[in-house]
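The values are calculated or read from the model by the stated rules, or taken from the named source; none is laboratory data. The structure displayed is predicted, hence computed values, not measured ones. No Cβ is skipped: glycine too gets one built from the backbone with ideal geometry, and neighbour counts run over all protein chains shown. For accessibility, only protein heavy atoms count, side chains too; no ligands or nucleic acids. Shrake-Rupley method; radii C 1.70, N 1.55, O 1.52, S 1.80 Å.
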Amino acid sequence: MRYISTRGRAPDLSFEEAMLRGLAPDGGLYVPDTVPQMSADEIAALAGLSYEEAAFRVMRPFVGDAFDDATLRQLIETAYASFGHDARAPLVQLGPNHFLLELFHGPTLAFKDFAMQLIGQMFQASLARSGDRITIVGATSGDTGSAAIEAFRGLSNVDVFILYPHGRVSEVQRRQMTTPVEDNVHALALDGDFDDCQAALKDMFNDHAFRDEVGLTAVNSINWARVLAQVVYFFTSAVSLGAPHREVSFTVPTGNFGDIFAGYIAKRMGLPIADLVIATNQNDILHRTLVTGEQVKTSVTPSISPSMDIQVSSNFERVLFDAYGRDGALTASQMADLKDKGGFSVGQGALEFLREHFRSGRASEEETSATITGALASTGELLCPHSAVGVHVAEAHLGAVPMITLATAHPAKFPDAVEAASGIRPPLPSAMSDLYERPERVTQVPNALADLQKLVRDRRSH
Ligand SMILES: *Cc1c(COP(=O)(O)O)cnc(C)c1O
């Protein structure tokens, strides 16, 4: 299996190379050159397996010779051992034909742990083989940073620096980043907002001498290995509701389009998915794209579901590439228009492709809060605001086919919004109940490239 760039102007790579590289040198994203198929019998055979064994069978064909079978199994076992639920991704019922897939039992209480814990193990195995050292630098609005720190803490051969906007992440998110004690973890509170953090990160990557000197690596959601890890729970949840003999639909709270793109890959592999529903908050660029055929950037309006407060949805490029019949040049020119002109129109054929594969909806702030209130009253389930956006949108798409809505974070990660809507302040799971007592370690940094680069050089272990 080879991986190609969505912009068509970069050499194709193996799985391991694509994982270590992240972004393609032509600015594109890596996608598999062909999508491996799972037969109905192979899908049916996933029933009753452990999450780990199902993960092995779903991911195996994508990984190629990067890891042998025994190694891949071991990496998967280790990745999910720290989860607080034996099922890893348990399914609960919300109402007639509506189910909630709880993806928040990982160590940082958001679905990002599924991918981050696994790529932490994969990076470690790969670097141990090559003897290389890398420096991971990430920008976060909260969840990605905490998941990355948790996945890479204490690993030899890796330093992890996470930039977050000073004063603009939730207290739980901040403490998850500032309380790990390992020397290779560096939480940096940048004097600026999330866009400043991302811009600082981009500048570091664009300084090629610096990038090569420190072995700079990105683990943001455009990394193909992260998407792959997320394909698994679409299979396990669908099979537990009767796939492949019965179709299912999914609603996915969406920001960067990573999680829902994983669902699209599952469908392409042969999982019988009827609808894939994009759920956005008031930052609804993806919903508007499907409705109008125009992708137009506006400014980000902060919401109570901050991990979906996004205008540029990076992984959308991957599905656009397919919608344009894998025309890299056309994909590249549309992405250039988005960056330089603030938007582009999706061609008619491509729009039909998108509408054939995806449906969409949005939830306002009031609808999100009302959904938290309503779900608590009718089911006893306390939703985080992101999951509530999903449940609200899913309710408009319920029908004869079972609907699975992805619950992307634990309510305790966003206690203020949840308490405001429900009157209940959700407690942290017992494994991290002392989070508020642990000492914090953080460096406040100015929004200045030279200072940041000096800090990375000085702090990383050699
Ligand atoms: C990252 C995140 C999302 C959005 O996921 P994408 O893959 O970027 O679409 C939704 N909810 C939560 C809690 C998240 O952390």
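Look at the stretch 377-394: where a residue is modelled with pLDDT under 95, no partner that is more than 8 Å from the ligand (Cβ to nearest atom) and open to solvent by less than 10 Å² (accessible area, probe 1.4 Å) sits 6+ places away or on another chain with Cβ atoms under 7 Å. Residues that are small (Gly, Ala, Ser) and closer than 18 Å to Gly138 by Cβ were ranked within the stretch 210-241; the one that is modelled with the lowest pLDDT is Ser221. Only one entry of Asn206, Asn223 meets the criterion of being closer than 19 Å to Val312 by Cβ, open to solvent by 10 Å² or more (accessible area, probe 1.4 Å) and not hydrophobic (A, V, I, L, M, F, W, C), and that entry is Asn206. Checked against (1) within 13 Å of Thr140 (Cα to Cα); (2) open to solvent by less than 20 Å² (accessible area, probe 1.4 Å), Val158 meets all criteria but (1).
Restricting attention to the stretch 299-309 and to residues that are among the hydrophobic types (A, V, I, L, M, F, W, C) and open to solvent by 30 Å² or more (accessible area, probe 1.4 Å), the residue that is nearest to the ligand (Cβ to nearest atom) turns out to be Ile304.
Among the residues of the stretch 215-242, what is the count of those that are small (Gly, Ala, Ser) and more than 18 Å from Phe56 (Cβ to Cβ)? Looking only at that region, the number is 4.
So that you can scan it fast, the table gives a plain yes or no per residue for (1) of a type outside the set (Gly, Ala, Ser); (2) touching a residue at least 24 places away in the same chain (Cβ under 8 Å); (3) open to solvent by 70 Å² or more (accessible area, probe 1.4 Å); (4) within 16 Å of the ligand (Cβ to nearest atom):
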{"position": "His410", "(1), (2), (3), (4)": "yes, yes, no, yes"}
{"position": "Lys413", "(1), (2), (3), (4)": "yes, yes, no, yes"}
{"position": "Ala448", "(1), (2), (3), (4)": "no, no, no, no"}
{"position": "Val456", "(1), (2), (3), (4)": "yes, yes, no, no"}
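Looking across the stretch 61-90, the residues that are part of a helix (DSSP H, G or I) and not charged (D, E, K, R) come down to Pro61, Phe62, Val63, Ala70, Thr71, Leu72, Gln74, Leu75, Ile76, Thr78, Ala79, Tyr80. Of all residues in the stretch 217-247, those satisfying the criterion of being within 14 Å of the ligand (Cβ to nearest atom) and of a type in the set (Phe, Trp, Tyr) are Trp224, Tyr233, Phe234.
Being open to solvent by less than 10 Å² (accessible area, probe 1.4 Å) and either over 23 Å from the mean Cα position of the chain (by Cα) or closer than 29 Å to Ala115 by Cα (or both) is a property that Ala388 has.
For beta carbons closer than 7 Å, sequence separation of 6+ or different chains, a first residue in the stretch 20-49 that is free of Cβ contacts under 8 Å to residues at least 60 places away in the same chain and a second that is open to solvent by 80 Å² or more (accessible area, probe 1.4 Å), the qualifying pairs are Asp33/Arg2.
Suppose we filter the stretch 391-403 for residues that are within 15 Å of the ligand (Cβ to nearest atom) and open to solvent by less than 10 Å² (accessible area, probe 1.4 Å); how many remain? Looking only at that region, the number is 3. Scanning the stretch 329-358 for residues that are buried (at least 18 other Cβ atoms within 10 Å of the Cβ) and part of a strand (DSSP E or B) yields one hit, Phe344. Among the residues of the stretch 257-272, none qualifies, meaning not one is within 16 Å of the ligand (Cβ to nearest atom), within 24 Å of Pro25 (Cα to Cα), assigned to a loop (DSSP other than H, G, I, E, B) and open to solvent by 10 Å² or more (accessible area, probe 1.4 Å). Only one of the numbered conditions (1) free of Cβ contacts under 8 Å to residues at least 40 places away in the same chain; (2) closer than 24 Å to Gln117 by Cβ; (3) in contact with an Asp or Glu (Cβ under 6 Å, 6 or more places away or on another chain) is not met by Gln230, and that is (1). Contact annotation: residue pairs with Cβ atoms under 9 Å, 6 or more positions apart or on different chains, pairing a residue in the stretch 359-374 that is in a helix (DSSP H, G or I) and modelled with pLDDT of 95 or more with a partner that is open to solvent by 40 Å² or more (accessible area, probe 1.4 Å) and among the aliphatic types (A, V, I, L, M), are Glu365/Ile304; Thr368/Ile304; Ser369/Ile304; Ser369/Ala420; Ile372/Ala420.
Considering only residues in the stretch 362-378 that are in contact with a strand residue (DSSP E or B) (Cβ under 8 Å, 6 or more places away or on another chain) and open to solvent by less than 50 Å² (accessible area, probe 1.4 Å), the one that is nearest to Gly423 (Cα to Cα) turns out to be Ala375. When each of Val319, Val291, Val296, Val312 is tested for being within 14 Å of the ligand (Cβ to nearest atom) and open to solvent by 50 Å² or more (accessible area, probe 1.4 Å), the lone residue that passes is Val312.
Here is a yes/no grid of residues against (1) in a loop (DSSP other than H, G, I, E, B); (2) within 26 Å of Tyr436 (Cα to Cα); (3) in contact (Cβ under 8 Å) with a residue 40 or more places away in the chain:
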{"residue": "Phe161", "(1), (2), (3)": "no, yes, yes"}
{"residue": "Gly167", "(1), (2), (3)": "yes, yes, no"}
{"residue": "Met177", "(1), (2), (3)": "no, yes, yes"}
{"residue": "Leu188", "(1), (2), (3)": "no, yes, yes"}
{"residue": "Arg211", "(1), (2), (3)": "no, no, no"}
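So for the stretch 44-55 (the condition being open to solvent by 50 Å² or more (accessible area, probe 1.4 Å), within 22 Å of Phe261 (Cα to Cα) and of a type outside the set (Val, Ile, Thr)), does at least one residue qualify? Scanning the stretch 44-55 turns up no residue that is open to solvent by 50 Å² or more (accessible area, probe 1.4 Å), within 22 Å of Phe261 (Cα to Cα) and of a type outside the set (Val, Ile, Thr). If you go through the stretch 190-203 and keep only what is assigned to a helix (DSSP H, G or I) and touching a strand residue (DSSP E or B) at 6+ places or on another chain (Cβ under 8 Å), you end up with Phe194, Asp196, Cys197, Gln198, Ala200, Leu201. From the list Thr140, Thr108, Thr135, which residue is within 16 Å of the ligand (Cβ to nearest atom), in contact with a strand residue (DSSP E or B) (Cβ under 8 Å, 6 or more places away or on another chain) and among the polar types (S, T, N, Q)? The unique qualifying residue is Thr140.
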